[in-house]
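Data first, discussion second: the structure below is written as structure tokens.
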Amino acid sequence: METIWPLTESRNSVKSLIDRLAYQVKRTPGFCNICGRLTVFKTHVAGFREHVECIRCGSRNRQRQIASVLMAYASARNQQPTDLVDYLGSGPASRRLRRGPTHTRMASVKDLPKDIVVWNTETTRAFHLSLMNHLGQNYISTEFIDPSLSSGEVLNGVMHGDIQSSHFADDSLDFMITGDVFEHIPFPEKAISDSYRILKPGGCHIFTAPFYHHRFTNERRATLQDDGTVEEHMKPWFHDDPMRAEGALVFNIFAPELLCMMEKQGFEVRLLKLHSPLYGIFGQNAIVLVARKISPDLSKRDAVFMN
Ligand SMILES: [Zn+2]
């Protein structure tokens with residue numbers, strides 16, 4: 001018997017041993033998939049998720065996780081959507097699906113196809129700069145500046161973007177990237193619906209967000225009321241935010257319920273766990289989520305029970 005949920009930590013595994021070694025040696029050589037160079041990663045800070053800085057471009061672990069998934073899905077974007085029946089069994093197709101799409105070894109953001117249209121909800125730091133330099137006009141970056149602005153408005157050279165009600169046309173984006181943004185929005189269901197609207201068929205929302213390993217339902221920590229005030233259900237929790245000194249309030253911590261919400265919307269959803277020391281991706285919490293807009297959506301398929 002094996003418990004597959006709660007997610008188990010690989011405490012005694014080789015991966016965990018590699019993490020501990022990396023922490024002890026403090027510097028680990030590798031290849032940065034954001035600046036595309038051989039580099040050294042700073043592995044001396046505990047809490048790998050937000051650290052493991054590349055000494056060349058300053059990129060962090062979590063950004064490289066998203067970059068890795070973006071490259072894999074960009075190279076697989078023309079493939080047919082997954083057939084549900086492939087999830088069953090243990091043949092090569094099933095193993096390939098479990099592993100998910102992969103990208104070429106030692107590839108970086110600079111190897112992404114230049115014709116993909118990408119929206120990223122951050123306007124600073126290494127990953128943003130690398131995407132902007134490579135994709136040019138096909139890259140749109142925004143911050144959530146102020147709720148009084150409309151999505152798409154520009155203030156002091158920075159575009160305001162609202163993932164709950166964005167300004168993009170239907171079926172217009174190949175990829176939408178949100179790195180630790182989803183937990184800060186009061187109405188995730190609106191963002192799920194809007195992301196489905198704006199992504200092209202086959203397009204993906206690739207994102208990170210704090211994700212519980214031990215429960216099924218999302219934890220609602222706060223609610224935005226109709227009058228604009230916030231009702232706290234739990235101790236308020238703020239994350240650092242370049243746009244506001246007080247930080248950004250966390251409204252939800254997610255769990256598999258989020259995957260259900262996205263699947264009901266029509267997305268094919270993946271919860272990916274990464275570990276790739278070569279690319280400076282360490283730790284037991286390297287979780288990236290992918291919601292891929294497929295057609296027809298999962299709810300309209302009846303493949304599993306045909307077998
Ligand atoms: Zn780098």
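Table: residues versus (1) within 16 Å of the ligand (Cβ to nearest atom); (2) of a type in the set (Gly, Ala, Ser); (3) modelled with pLDDT of 90 or more; (4) closer than 23 Å to Tyr279 by Cα.
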position: Ser16; (1), (2), (3), (4): no, yes, no, yes
position: Leu21; (1), (2), (3), (4): no, no, yes, yes
position: Ile55; (1), (2), (3), (4): yes, no, yes, yes
position: Asp83; (1), (2), (3), (4): no, no, no, no
Item to check | Which numbered condition Asn218 fails, given (1) in contact with a helix residue (DSSP H, G or I) (Cβ under 7 Å, 6 or more places away or on another chain); (2) over 22 Å from Val109 (Cβ atoms); (3) free of Cβ contacts under 8 Å to residues at least 40 places away in the same chain | outcome: (3)
Checklist outcome for this item: Exactly one of Gly30, Gly36 is buried (at least 17 other Cβ atoms within 10 Å of the Cβ) and over 20 Å from Leu272 (Cβ atoms), and that residue is Gly36
Item to check | Residue, farthest from Val288 (Cα to Cα), within the stretch 30-43, restricted to residues that are more than 9 Å from the ligand (Cβ to nearest atom) and out of contact with any Phe, Trp or Tyr (no Cβ under 7 Å at 6 or more places or on another chain) | outcome: Val40
Checklist outcome for this item: Going through (1) in a helix (DSSP H, G or I); (2) modelled with pLDDT under 95 one by one, Arg11 fails only at (1)
Checklist entry - What are the residues in the stretch 42-59 that are closer than 25 Å to Pro101 by Cα and in contact (Cβ under 8 Å) with a residue 24 or more places away in the chain, if any? => result Phe48, Arg49, Val52, Cys54, Ser59
Checklist entry - Just for the stretch 67-79: of the residues that are in contact with a strand residue (DSSP E or B) (Cβ under 8 Å, 6 or more places away or on another chain) and assigned to a loop (DSSP other than H, G, I, E, B), which one is farthest from the ligand (Cβ to nearest atom)? => result Asn78
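Restricting to strands (runs of 3 or more DSSP E) lying wholly in the stretch 102-183: which have 2 or more residues that are among the β-branched types (Val, Ile, Thr)?
Details: elements: 118-120, 139-141, 173-179.
Because the criterion is at least 2 residues that are among the β-branched types (Val, Ile, Thr), the strands (runs of 3 or more DSSP E) in the stretch 102-183 that meet it are 173-179.
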Checklist outcome for this item: Flagged in the stretch 257-285 as surrounded by 18 or more Cβ atoms within 10 Å (Cβ to Cβ) and free of Cβ contacts under 8 Å to residues at least 40 places away in the same chain, in numbering order, are Leu259, Val269
Checklist entry - Which strands (runs of 3 or more DSSP E) does the stretch 192-274 wholly contain that include 2 or more residues that are within 26 Å of Gln284 (Cα to Cα)? => result 199-208, 267-273
Checklist entry - In the stretch 269-307, what residues are modelled with pLDDT under 90 and of a type in the set (Phe, Trp, Tyr)? => result Phe305
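Just to be sure before I move on: is Arg64 in contact (Cβ under 8 Å) with a residue 24 or more places away in the chain, more than 9 Å from the ligand (Cβ to nearest atom), under 25 Å from Ile177 (Cα atoms) and surrounded by 14 or more Cβ atoms within 10 Å (Cβ to Cβ) in the structure I sent?
no
The values are calculated or read from the model by the stated rules, or taken from the named source; none is laboratory data. Given the structure is predicted, the values throughout are model-derived calculations rather than measurements. Glycine also receives a Cβ, built like all others from the backbone with ideal geometry; neighbour counts cover every protein chain displayed.
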